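Contents: one structure, followed by commentary.
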Amino acid sequence: MQKCDHCGLSYHEEVLIKDGSFKEVKYFCCKGCQGVYHLLKDEGLDGFYDKRGKTSLEPPKTVLDDTKKFDLDGFKKKYIREKDGFYEVSLIISGIHCAACVWLNEKILYKLEGVIEAHISQANNKAKIIWDPEIIPLSAIIEAIRSIGYNAYPYDARTQEAHANAQRRDYYARLAFGIFAVMNIMWIAIAQYYGYFFGIEQNVKNVLTFAEFLLATPTLFFTGSIFFKGAYYGIKNGFVTMDLLIASGSSLAYTYSLYTMFSGIGEPYFDSVTMIITFVFAGKFFEVLMRKKAVDTLDSISGMMPTEVLSVSKNEKKFVSVESIKKGDLIELKAGEKVVIDGICMNGEGSFDEASLSGESVPVLKTKGSKIISGSICLDSVILYKAKASAKDSTMSKIASLLEDAMDKKPRIEQLANQISRRFSTTVLSIAFITLLAWWYIAGFSEALIIAISVIVIACPCALGLATPVSTLVGLGVGAKKGVLFKEAKFLESLAKCDVLAVDKTGTITLGKPEVIGAEIFEEFDENILYALVKSSSHPVSKGVAKYLETLRGDLREAKLTNIKTIEAKGVEADFNGKRVIGGNRRLLKEFGFECEDKEATNYWFAVDDKICAHFTLKDMPRRDAKEAVAKIKQLGLSVVMLTGDNENAARQSAEYVGIEEFHAALLPQQKAEFIENLRAQGKKVVMAGDGINDALALAKSDIAISLGSGTDIAVSVSDIILMNDSLSSLAKAFLISKKTYRTVKQNIAFSILYNITTIPLAICGFVIPLIAALSMSFSSLVVVANALRIKSGK
């Protein structure tokens, strides 16, 4: 038999792990023992084994050497970024369920020597940590997080999805049981209260009490376990949180109820315990659901960009990874492909969709010498261009980097109830303890305990805890019915505090689809021919003309065209019964010998043989409800400013039409973000509404980000609020709902504070027995809930 060199337990030698990395071969019964032995040896703590003597240990239940993997080169290459001599990593902190958890983790991290920066997003529990590797290894940071009851693992979109689903299922099971217990215990409580006032046989009362005990016990220790866990780690690290008050109030009520059940003295309060735990936990469950909907923006950007490009060298073409491309390499780009690396066009010409960068809906023509920008899409040709930067130094990569910084720096707005409860929790517990000591001296322990419990129960944070979550749950429900999705409950409050709305033009104020605003017919022609010609193209302008024709006539049929040819960045040419038909821009017609002049708009010309038959002018039209929505938002006291990448004339027309006095045109994504930052530097609370990648930076820099449901994945993922029905009237409704909800939250908090100020002194003086305290607590909760339900009214 051979002993394990760590735990000292004896096993057959053939089943042990042999470790030859030391001067003498060491034997271990499991990876856990091996990992602990290495850890103690590395830290110079191997003297532990001398002090242990012959005492055997229990093998670790968890493999502790997994923290060492955070310091390996493989982990570093995959997850860690070097920045100005420091290391930076993104981690997911599991176990976070409230703003206090975020605050606690950040406090612990900042206490570690060598940690430069630590930001945790409550929306998805993602932490950005910057540290000095010369002072502290990442494994020590992970161990510090674990020491306070949380866990950390490297951020990966796939594993994050699995963890989020697992947490959601766990919370659902806990809440479902709590609701089941409340529904059943309320019926029992009615019988108990009736018996208290009108009489009840003792044996019947005992059966009802035992039934309440059976329902309250698993509710307290299963559904309410997260409150006990939060309270424990709060106390361990010297922080008094709302979890402690919820746990102490419910557990003391539970303990007293056990006493009354077995002694027959007094009245039990198992129903109060069940309601306290279930109602407050419902708010926690909602936050888990909202975090599940949060999507990581950087992953969306990475997923949208190709990982390979077609490299051209010495007449040889081959696909290579984007990371292997260097400045000066030649890249071939085909129609429909997205640009990954910035460059200069060397051969060919074609239209590029740069809407994701500038917000401009009209394609941009690129010829030899033109700049090719990463993030744009080649629409209709084959282009050969020279790389002017590496992948990580190209436009889209820079936007991703800036976006990450912006999201990490975004301020978290704590809910007003949590701010108050920090002091409230400590104060109530202190008052209850002093009351216990005073009455113990005056009237003995039994009466003192009952009065102290009355103080905690009557001041139980049920009303204070429900003041915010119930109101926000109702507000979110109303919002969902009206097509407004808030990703987090806290965004209702944040939106209500904002005073400036910055809104994108293309796709937000406007539809993002060019529409015909003028048509000139010079010669009669068969509209079916034109309809077939525009339907053969996927260009936005052609689609706009096709839609216009469909509104004029419902019986259009596509004529049979032959020899259809798409002419790069110009239009389409085809034959019909021996006649040549062409449709496109002025440059196309000029090549065929036609003379025509464009108007100040997007133009589409149509010719048959040697005659120009029609001319169409198009415009990206404002949404039908834009003008009314802007007016309503102004009535709420907000300033409205429009930001766009479009030209001055187009911006002015749209702004004047919807009633926006201030607008800024021809802005790049970075300039939009800088404008938002300048507003915030002036003390403004800014809402940004947009729908494209070009808005992502500005959305991330704002206090509240709003996007349309039809917007790009990037805009939707970085946004805090989504307008599901693509209606700007929903934007006005979002402000109305948030302001009404926030007003209700403040009313509920004011009521709960007034209630506690009034009732706690009565309980201290011994005028309130625990039964009346529980009834008062229930009454305060009913008032809060009833007031919250008023949000549903249309007034």
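Can you tell me which residue in region 701-724 is modelled with the lowest pLDDT, limited to those that are in a loop (DSSP other than H, G, I, E, B) and crowded, with 24+ Cβ neighbours inside 10 Å?
Going residue by residue through region 701-724, those that are in a loop (DSSP other than H, G, I, E, B) are 702-703, 709-712, 719-720, 724.
Filter once more, so that each one left must be crowded, with 24+ Cβ neighbours inside 10 Å: 702, 711, 719-720.
On the way: 702: 90, 711: 48, 719: 73, 720: 79.
Checking each candidate, the answer is 711.
So for region 205-216 (the condition being at pLDDT below 85 and either in a helix (DSSP H, G or I) or of a type in the set (Phe, Trp, Tyr) (or both)), does at least one residue qualify?
Filtering region 205-216 down to residues at pLDDT below 85 leaves 205.
In the following step, the residues that additionally are either in a helix (DSSP H, G or I) or of a type in the set (Phe, Trp, Tyr) (or both) were identified as 205.
For region 205-216, residues at pLDDT below 85 and either in a helix (DSSP H, G or I) or of a type in the set (Phe, Trp, Tyr) (or both): present.
May I ask you to say which residue of 70, 22 is out of contact with any Asp or Glu (no Cβ under 8 Å at 6 or more places or on another chain), at pLDDT 65 or above, open to solvent by less than 50 Å² (accessible area, probe 1.4 Å) and within 20 Å of residue 133 (Cβ to Cβ)?
Among 70, 22, only 70 is out of contact with any Asp or Glu (no Cβ under 8 Å at 6 or more places or on another chain), at pLDDT 65 or above, open to solvent by less than 50 Å² (accessible area, probe 1.4 Å) and within 20 Å of residue 133 (Cβ to Cβ).
Can you spot a residue in region 514-522 that is small (Gly, Ala, Ser), outside any strand (DSSP E or B), open to solvent by less than 30 Å² (accessible area, probe 1.4 Å) and at pLDDT 85 or above?
Initially, region 514-522 is screened for residues small (Gly, Ala, Ser), giving 518-519.
Next, only the ones that are outside any strand (DSSP E or B) stay: none.
Looking through region 514-522, none of the residues is small (Gly, Ala, Ser), outside any strand (DSSP E or B), open to solvent by less than 30 Å² (accessible area, probe 1.4 Å) and at pLDDT 85 or above.
Results for (1) more than 30 Å from residue 662 (Cα to Cα); (2) in contact (Cβ under 8 Å) with a residue 24 or more places away in the chain; (3) open to solvent by 80 Å² or more (accessible area, probe 1.4 Å), shown as yes or no for each residue.
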| position | (1), (2), (3) |
| --- | --- |
| 558 | yes, yes, yes |
| 564 | yes, yes, yes |
| 583 | yes, yes, no |
| 598 | no, no, no |
| 603 | no, no, no |
| 629 | no, yes, no |
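When residues of region 255-264 are filtered for being free of Cβ contacts under 8 Å to residues at least 60 places away in the same chain and either of a type in the set (A, V, I, L, M) or open to solvent by 20 Å² or more (accessible area, probe 1.4 Å) (or both), how many remain? Talk me through it step by step, then tell me what you get.
At the first step, the residues of region 255-264 found to be free of Cβ contacts under 8 Å to residues at least 60 places away in the same chain are 255, 257-263.
Then drop every residue that is not either of a type in the set (A, V, I, L, M) or open to solvent by 20 Å² or more (accessible area, probe 1.4 Å) (or both), which leaves 255, 258-259, 261-263.
Adding up the residues that qualify gives 6.
Every residue, every condition in (1) open to solvent by 40 Å² or more (accessible area, probe 1.4 Å); (2) touching a Pro at 6+ places or on another chain (Cβ under 7 Å); (3) at pLDDT below 85; (4) closer than 22 Å to residue 515 by Cα, yes or no:
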residue: 637; (1), (2), (3), (4): yes, no, no, no
residue: 640; (1), (2), (3), (4): no, no, no, no
residue: 648; (1), (2), (3), (4): yes, no, yes, yes
residue: 656; (1), (2), (3), (4): yes, no, no, yes
residue: 660; (1), (2), (3), (4): no, no, no, yes
residue: 663; (1), (2), (3), (4): yes, no, no, no
residue: 670; (1), (2), (3), (4): yes, no, yes, no
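Please go through region 374-402 and give me each residue that is modelled with pLDDT under 85, open to solvent by 20 Å² or more (accessible area, probe 1.4 Å) and within 30 Å of residue 545 (Cα to Cα), ordered by number.
If the condition is that a residue be modelled with pLDDT under 85, open to solvent by 20 Å² or more (accessible area, probe 1.4 Å) and within 30 Å of residue 545 (Cα to Cα), then 380 is the only one that fits.
Checking the conditions here, which among 497, 505, 487 is open to solvent by 10 Å² or more (accessible area, probe 1.4 Å) and either out of contact with any helix residue (DSSP H, G or I) (no Cβ under 6 Å at 6 or more places or on another chain) or under 30 Å from residue 602 (Cα atoms) (or both)?
Values: 505 fails: open to solvent by 10 Å² or more (accessible area, probe 1.4 Å); 487 fails: either out of contact with any helix residue (DSSP H, G or I) (no Cβ under 6 Å at 6 or more places or on another chain) or under 30 Å from residue 602 (Cα atoms) (or both).
Going through 497, 505, 487 in turn, just one is open to solvent by 10 Å² or more (accessible area, probe 1.4 Å) and either out of contact with any helix residue (DSSP H, G or I) (no Cβ under 6 Å at 6 or more places or on another chain) or under 30 Å from residue 602 (Cα atoms) (or both): 497.
Name the residues in region 218-250 that are among the polar types (S, T, N, Q), open to solvent by 30 Å² or more (accessible area, probe 1.4 Å) and modelled with pLDDT of 80 or more, would you? Explain how you work it out, then say what you get.
The first filter runs over region 218-250 and keeps only residues among the polar types (S, T, N, Q), leaving 219, 223, 225, 237, 241, 248, 250.
Retained after the next criterion (residues that are open to solvent by 30 Å² or more (accessible area, probe 1.4 Å)): 225, 237.
Matches in region 218-250: 225 only.
In region 403-420, which residues are open to solvent by less than 10 Å² (accessible area, probe 1.4 Å) and at pLDDT 55 or above? Before the answer, list the steps.
Restricting attention to region 403-420, the residues satisfying the condition of being open to solvent by less than 10 Å² (accessible area, probe 1.4 Å) are 403, 406, 417.
Answer for region 403-420, where residues must be open to solvent by less than 10 Å² (accessible area, probe 1.4 Å) and at pLDDT 55 or above: just 417.
Within region 532-556, take every residue that is part of a loop (DSSP other than H, G, I, E, B) and of a type in the set (Ser, Thr, Tyr) and give me the one that is surrounded by the most Cβ atoms within 10 Å (Cβ to Cβ).
The first filter runs over region 532-556 and keeps only residues part of a loop (DSSP other than H, G, I, E, B), leaving 536-539, 553-556.
Cutting the leftovers down to of a type in the set (Ser, Thr, Tyr) gives us 536-538.
On the way: 536: 17, 537: 19, 538: 12.
Of everything passing the filter in region 532-556, 537 is surrounded by the most Cβ atoms within 10 Å (Cβ to Cβ).
Name the residues in region 123-152 that are open to solvent by less than 10 Å² (accessible area, probe 1.4 Å) and assigned to a strand (DSSP E or B), would you?
Correct list: 127, 128, 129, 131, 152.
Which residues, counting only those in region 725-744, are among the polar types (S, T, N, Q) and not in a helix (DSSP H, G or I)? Please lay out each step first, then the result.
Our first condition is that a residue be among the polar types (S, T, N, Q); within region 725-744, this holds for 725, 727, 729-730, 738, 741, 744.
725, 727 - these are the residues of region 725-744 that are among the polar types (S, T, N, Q) and not in a helix (DSSP H, G or I).
Suppose the filter is in contact with a Gly (Cβ under 8 Å, 6 or more places away or on another chain), farther than 27 Å from residue 448 by Cα, modelled with pLDDT of 80 or more and open to solvent by less than 10 Å² (accessible area, probe 1.4 Å); does residue 278 pass it?
Values: in contact with a Gly (Cβ under 8 Å, 6 or more places away or on another chain): yes; farther than 27 Å from residue 448 by Cα: yes; modelled with pLDDT of 80 or more: yes; open to solvent by less than 10 Å² (accessible area, probe 1.4 Å): yes.
In short, yes.
May I ask you to list the residues in region 194-209 that are surrounded by 14 or more Cβ atoms within 10 Å (Cβ to Cβ) and not polar (S, T, N, Q)?
Within region 194-209, the subset surrounded by 14 or more Cβ atoms within 10 Å (Cβ to Cβ) is 195, 200, 205, 208-209.
Hits for region 194-209 are 195, 200, 205, 208.
Mind counting the residues in region 722-762 that are closer than 21 Å to residue 785 by Cβ and hydrophobic (A, V, I, L, M, F, W, C)?
Kept after step one, since they are closer than 21 Å to residue 785 by Cβ, are these residues of region 722-762: 737-759.
So of that shortlist, the ones also hydrophobic (A, V, I, L, M, F, W, C) come out as 737, 745, 749-751, 753-754, 757.
Summing the residues that are closer than 21 Å to residue 785 by Cβ and hydrophobic (A, V, I, L, M, F, W, C) in region 722-762 gives 8.
Being under 30 Å from residue 591 (Cα atoms) and open to solvent by 10 Å² or more (accessible area, probe 1.4 Å) is the filter here; which residues of region 605-627 pass it?
The initial filter retains those residues of region 605-627 that are under 30 Å from residue 591 (Cα atoms), namely 605-620.
Answer for region 605-627, where residues must be under 30 Å from residue 591 (Cα atoms) and open to solvent by 10 Å² or more (accessible area, probe 1.4 Å): 605, 608, 609, 610, 611, 612, 617, 619, 620.
Of all residues being open to solvent by less than 10 Å² (accessible area, probe 1.4 Å) and among the small types (Gly, Ala, Ser) in region 748-778, which is modelled with the highest pLDDT? Just the residue, please.
763
The values are calculated or read from the model by the stated rules, or taken from the named source; none is laboratory data. This one's a predicted model, so the numbers in the text were calculated from it and none came from an experiment. Here Cβ is always computed from backbone atoms with ideal geometry, including for glycine, and neighbour counts include all displayed protein chains. Quick note on the areas: whole protein, heavy atoms, side chains included, nothing else; ligands and nucleic acids left out. Shrake-Rupley method; radii C 1.70, N 1.55, O 1.52, S 1.80 Å.
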